[in-house]
Amino acid sequence: MIFVLSNRVPVQIGFWPFGSASAWLGPVAVVALAIGFFIGLLVALPRQLHWRRRARQAEKRVVELTPPAPAVPVTQPTIIR
């Protein structure tokens, strides 16, 4: 909020087929940052989900292939006097 209020210099924003508009620099920078973040998220998320799914499948496979631990015989506790 401080950044937006500190940068109240008007700038011209050009939208190629639609023309241009004037707005404060602060909100323009914040909106541009948010748009870049969401575009990066849309690009990276499918790949990340793919690798997470593969990791979960690999963990399940390890559990399937791991032999069960040998059973420890249950004995009565020894009382030392």
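A short reminder: the numbers here are calculations on the coordinates, not readings from a lab. As the structure is a prediction and not an experimental result, all values here were calculated from the model. Every residue, glycine as well, gets a Cβ built from its backbone with ideal geometry; the counts of neighbours run over all protein chains shown.
Annotations for the structure displayed:
- Hey, GLN76 assigned to a helix (DSSP H, G or I) and polar (S, T, N, Q) or not: no
- The set of residues in segment 21-37 that are surrounded by 11 or more Cβ atoms within 10 Å (Cβ to Cβ) and not aliphatic (A, V, I, L, M) comprises TRP24, GLY26, PRO27.
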